[in-house]
Each structure stands twice: as structure tokens, then as C-alpha cells.
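Note sheet for the following structure.
The values are calculated or read from the model by the stated rules, or taken from the named source; none is laboratory data. Everything quoted here is computed from the prediction, not taken from an experiment. In this analysis, Cβ positions are derived from the backbone assuming ideal geometry, glycine residues included, and neighbour counts consider all displayed protein chains. Quick note on the areas: whole protein, heavy atoms, side chains included, nothing else; ligands and nucleic acids left out. Shrake-Rupley method; radii C 1.70, N 1.55, O 1.52, S 1.80 Å.
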There are 2 protein chains.
Amino acid sequence: MYDVAIIGGGPAGVSAAVTLKSLHKNFIWFGKKALSEKIRKAELVRNYPGLPAVSGEELAKAFSAHIAEMGIEITEKTVTGVYMLGTHYAIACDKETFEAKSVILATGVEAVKPIVGELEFLGRGVSYCATCDGFLYKDKTIAVVCASKEFEHEAEYLADLAGKVYFVPVYKDANITRENVEIVRGFPTGVQGERKVSSLVFKDKEIAVDGVFFLKSAISPSALVPGLEMENGHVKVDRDCKTNLAGCFACGDCTGRPYQYAKASGEGNVSAHSAVAYLAGK
Amino acid sequence: MYDVAIIGGGPAGVSAAVTLKSLHKNFIWFGKKALSEKIRKAELVRNYPGLPAVSGEELAKAFSAHIAEMGIEITEKTVTGVYMLGTHYAIACDKETFEAKSVILATGVEAVKPIVGELEFLGRGVSYCATCDGFLYKDKTIAVVCASKEFEHEAEYLADLAGKVYFVPVYKDANITRENVEIVRGFPTGVQGERKVSSLVFKDKEIAVDGVFFLKSAISPSALVPGLEMENGHVKVDRDCKTNLAGCFACGDCTGRPYQYAKASGEGNVSAHSAVAYLAGK
């Protein structure tokens, strides 16, 4: 059982991690070794105090060096669910589950806006986890909305189970070679159904399916953590970065504007301190 | 008239300044070119993301280099009062007054706790400004509680006006050579009086005076800004770093724990964005 699980590898996650490490806490950190793609894409950051006029690539390098210097490890797994179990949290990653006494959400803002019906039908035909739920769709017809090339192997895993897969890549150069896969172009706008999902809707068409998988690295926090209170599309937190769930903290872009490195880093620090105070009070 | 006045040169002030500069705002920044003394005194900072295991001196150097690189100027004046004048703020520094549409308080935490009676008698025998109020005590008896050697010249200025000065240095190696100055050792615990100040109180003695000057670089925000709402000894702010006064924002240690560089830097950034939003809405 970890003291803390940090979810997300942007500046907020980095700040929480280096602070927990400096406080000698036992934590697990889910993210990518390449850190946040959004950092790397930034052209020029002028207002991160202490690192004047850095490119996103340089800032990411500085963060990576910091993490390496402290001997902090990043667990490269996509978290698909965070469940409060009374006294602690279960963190689901594909087929594995980890346990932690507290959780720091630093999931960023990219996926904050799910499409219409996505959250409503979560667990009733909508899934974020191929390896968890794939077997439910054996020989059935599914749609797989894929955010990036890195999830293509999960789509192939689903194709080996399902009868028919409509593959919807929202990036260029998709490459899936299973016979039962049909590539669909366009951006889906919603998920429809009655008790369960019955179709994936586009601007100009509707595809009848039994289920829809959304494969993406950042899942909306409200989908990730059942019961988490949101406000205007962001995780609702107080000045201590506390959410409505005891022991669950949030920081960085997922808590709202300004979407800035310094703000994210500051909240990561506050979240780490709040988690430590929470653990001390348990 | 400036868009923004930043008061304080710690990490919160630095972060607000570099952000306002990157947003091309017209601001004045009150602080010290040496930045915060507290930063320089830090032995080792391990959790400021991007600058692993830096000494306080190195962190201050990185901040100074950043400020220089952006061509930002620091105005080395001690602010003794911030007054909301309906549509804008007046910022008093010794004999000068500056005007700004909004204010960012980044005054740190060192002087957050005034002694008993200090705030109560402010303007009724207690003053923070030798050059503003000295003439009120011509030929009278005053006490001068001095926080640092750098204010000794102000004490000498007061000695030239007053009849008798009890000089109370709260540092070592005080050196005042006016004939009407008596050096008093010990830490004052309170200011007493009825309508006006009548004495400065110590643990073991009480000195009858007509007025008390507190010469220090960081004045409690509630003394600095009349009407500012405090909570548990800190400036009360919301998640946008807004105080109870329109156009007045606060960040860093003066808003509360954790007293951390990353947290201060994050709030400086948020304050700058909130000030810009406030100016846009005016």
C-alpha cells in the first residue's frame, strides 16, 4: 500500500513528486517518462521563474533531470479508474490494481471535455480500458475511438475479440491491419442509446454498435474517479487542493485556469503537502 | 498611473513580475535588488521543479538572471501604506506616492505577527514611516524599534527631530551615535495607551513614550492596506488570489502555508493573471 499515488506527468505531477520525495514519502507516480506532451510542444515559456526563455523541450529536460537526480521512478501505465474504498484508494491500470492511502490527480486538461453521452454511458457500453472490458464484446460490433498511435495495439487486441471493429483514429497515419477492422474518418460527436449504448454519432452519420472504447492517455477526472465533484468542467478544489473526496487532491490544469507551468507546479507542491497532512491525521 | 503595483521581492513577486512582463503590462515592482533575504538564507531547496538541489543563493541568482534577461526593474523603496481610492490605489513610500489600478501583495510572512497594540495604535502614535511622520514628534520622546541595520539612517533622521529617542535594535551590532539616543536591549512585547500611545512594554520594563516607530522591511499586510481582510494571521484570498478589496491580489507566504517556493511562484502567476483579468474588466 502506497502513501500516495500521483496520476499525471505534467508540471503539477512533477512538483508533487519532487516534494513527496523530499519528504521521504512512499509514493507511486503514473505518467510518461517523456513527461507531458503539452510541455514539449510549448514553443517558448518566458515566465517560469528561474528558467528564463526556455522552450518546452528544455523545460521538460530540466524536469527530467530533476527527477533523475532524486532517483524518482515513473510508472508508465494508463490509469483507467480510481476508486475510493472507504479507507484507501484502488487505482486500476489495465489488468493491474494498485492501492494507495491518498491520491493526487494531475491529469491535465486535454481530455476534460468528453463527448456527449460518453460519461453517461460509462460502464454501460462505454469503456476506457481494452484489457479490462474487451472480453465483454466477444464477437460483437464495437467502435474504437483512438487518440494516438500508441494505443493501436490495444485496438488490435480488441479486434481479436470483437466480431467487427469500427476504428476511429483522431490522428494521421493510422495503421491497423486486422480484417474485421473498418477505418472510419471524422470526429465523433456523441454516444447514443437507451439502457445501453446503441450507436456512435458523427456530424454526418451514425454507426450502430454494441460498445465504444475511447483509447486516450488522459481521461476526464470525473470519469476516472467516480463521485468526484466538478465545477465548470474542472475538478473542484479548495485552496489546499482538496477535492470533495477525503484523501483525494487535484492540481494543475485539471483544476482550472490559468493553464500555466508555475501555477501547476505550485498546486503540485500544495497537493503534496495536503496529502502529507492528511496521512498524518489518519 | 501603472496598471499594477507588485509589493514584495520573494518568489511570488518574481513570478508575478515575469508574468506581467510577458503579458506586456505596465507595472512597478517594489522590492530589493538582492531579492528576498529568506531565499538567500535557504540552505538547500530540493523541490523547486526544474532546479534540482539548489542553494538559496543559487535560486536567487537564477531569479535575478531571469529578471535581468527580461529587462525588469526593481524599485528599491519600502512601501509604508497602500490605500484604495475608489477606482485605483495610492502606494506610499517615504515621501513619494505612486498610483496603480491594481495591487499584488507579495509581502512574505516574516512580519505577519505584529506585537500587541501595534495595529490598534497605528496612526495614533505608532508609525512605520520615519520620513512621513517624524515631524509629528518634534522635541518629543519616542521609541524606535529597528529590525535591521539598513534602517539606522532613518532612526538618525528621527533623532534629529525628536527630543529623546529610545532605540530598540532587534539585531546585533547596532550603531547609532546621536547624543539624544539611548539604546534599549530586549524585545518589546506591546504598545500601550489610551487614546494615543503612552508606553512601549517589555517583559521586564515599560518605557513612557509619545510615539513608537517600527522600522522594518516587511509590514503586516493588514497594517499596510487598511480594510484588508485577514484570516488566521494571513491575507484571506480565494483560488484566484483575490482579496476582499477589488483589484487587490495577494500571493506567496502572506496568504498562508505551505511556505514553499513553488507554491509562492504559482500564486504569483495566478495573481498576475487575475490582475490582468481585472484590468480588462474595468
Checklist entry - Of the residues B:P221, B:P49, B:P169, which exhibits the maximal mean-square fluctuation in a Gaussian network model of chain B defined by a 10 Å Cα contact cut-off? => result B:P49
Item to check | the stretch B:120-166, dipole about Cα centre (Lys/Arg Cβ +1, Asp/Glu Cβ -1), debye to the nearest 20 | outcome: 200
Checklist entry - So how strong a dipole does the stretch B:191-282 carry about its Cα centre when Lys and Arg Cβ are +1 and Asp and Glu Cβ are -1, to the nearest 20 debye? => result 100
Checklist entry - Over chain A, what is the relative contact order in whole percent, taking alpha-carbon pairs under 8 Å and six or more residues apart? => result 22
Next on the checklist: Let me check I've understood the local charge: for B:K140, count other residues with C-beta under 12 angstrom from its C-beta, Lys and Arg +1, Asp and Glu -1. What total comes out?
Outcome noted: 0
Checklist entry - Once the Cα atoms of helix A:261-281 and of chain A are each reduced to a long axis, what angle between those two axes, in degrees from 0 to 90 to the nearest 10, is obtained? => result 80
Next on the checklist: Tell me the relative contact order for the stretch A:62-196 as a rounded percent, counting alpha carbon contacts under 8 Å between residues six or more apart.
Outcome noted: 18
Checklist outcome for this item: Highest GNM mean-square fluctuation among B:K138, B:K205, B:K21, for chain B with Cα springs under 10 Å, belongs to B:K205
Checklist entry - Which percent, to the nearest 5, of DSSP beta bridges fully inside chain B are antiparallel? => result 40
Checklist entry - Do you know the relative contact order of the stretch A:75-125, to the nearest whole percent, from alpha carbon pairs under 8 angstrom that are 6+ apart? => result 21
Checklist entry - What 222 nm value per residue comes from the helices of chain B, counting each DSSP H run with n ≥ 4 as -39,500 (n - 2.57) and dividing by all residues, nearest 500 deg cm²/dmol? => result -7500 deg cm²/dmol
Checklist entry - Cα-based count: Lys pairs in the stretch A:89-168 below 22 Å, eight or more positions apart or different chains? => result 7
Item to check | Dipole of the protein assembly as shown [Lys/Arg +1, Asp/Glu -1 at C-beta], most positive-end residue of A:T243, A:L44, A:F187 | outcome: A:T243
Checklist outcome for this item: Across A:63-71, the residue-averaged tally of Cβ atoms belonging to other chains within 10 Å stands at 3
Next on the checklist: Using a 7 Å offset from Cα along the direction of the beta-carbon, what are the separations from B:A34 to the same position in each other copy, nm, ascending?
Outcome noted: 4.7
Next on the checklist: Tell me which cysteines of chain B come out unpaired when the rule is another cysteine's Cβ under 4.7 Å.
Outcome noted: B:C93, B:C146, B:C241, B:C248, B:C251, B:C254
Next on the checklist: How many Å² of accessible surface get buried when B and A come together, counting both sides, probe radius 1.4 Å, rounded to the nearest 100?
Outcome noted: 2800
Checklist outcome for this item: With a ≥ b ≥ c from the Cα gyration tensor eigenvalues, square-rooted, and the rule rounded for a/c under 1.5, otherwise prolate when a/b > b/c and oblate otherwise, the stretch B:220-282 is oblate
Item to check | chain A - percent of accessible surface contributed by carbon and sulfur, probe 1.4 Å | outcome: 50
Item to check | Listed residues A:S217, A:F135, A:G123: farthest to the positive end of the dipole of the stretch A:103-224 (Cβ charges) | outcome: A:G123
Next on the checklist: Give me the net charge for the shell around A:F30: Cβ to Cβ below 14 angstrom, other residues only, Lys and Arg +1, Asp and Glu -1.
Outcome noted: -2
Next on the checklist: Between 0 and 90 degrees, rounded to the nearest ten: what's the tilt of helix B:56-69 against the longest Cα principal axis of chain B?
Outcome noted: 60
Checklist entry - Taking every DSSP beta bridge that has both residues in the protein assembly as shown, what percent is antiparallel when rounded to the nearest 5? => result 40
Next on the checklist: I'd like to check one number: the per residue accessible area of chain B, probe 1.4 Å, reported in Å² as a whole number.
Outcome noted: 43
Next on the checklist: Suppose we keep just the alpha-carbon trace of chain B; what are its Rg and Dmax in angstrom?
Outcome noted: 19.2, 56
Checklist entry - Against the longest alpha carbon principal axis of chain B, how many degrees, from 0 to 90 and to the nearest 10, is the axis of helix B:152-161 turned? => result 40
Item to check | P(r), alpha carbons of the protein assembly as shown - 20 Å bins starting at zero, rounded % | outcome: 20, 43, 26, 9, 2, 0
Item to check | Charged-residue dipole, Cβ positions (Lys, Arg, Asp, Glu), the protein assembly as shown about Cα centre, Debye nearest 20 | outcome: 240
Item to check | Copies compared at B:L279 - label distances in nm, ascending, label defined 7 Å from Cα in the Cβ direction | outcome: 4.2
Checklist entry - When chain B is modelled as a GNM with alpha-carbon springs shorter than 10 Å, which of B:R257, B:R185, B:R195 fluctuates the most? => result B:R195
Checklist entry - Can you list, shortest first in nanometers, how far A:T189 lies from the same residue in the other copies, with each label 7 Å from Cα toward Cβ? => result 7.5
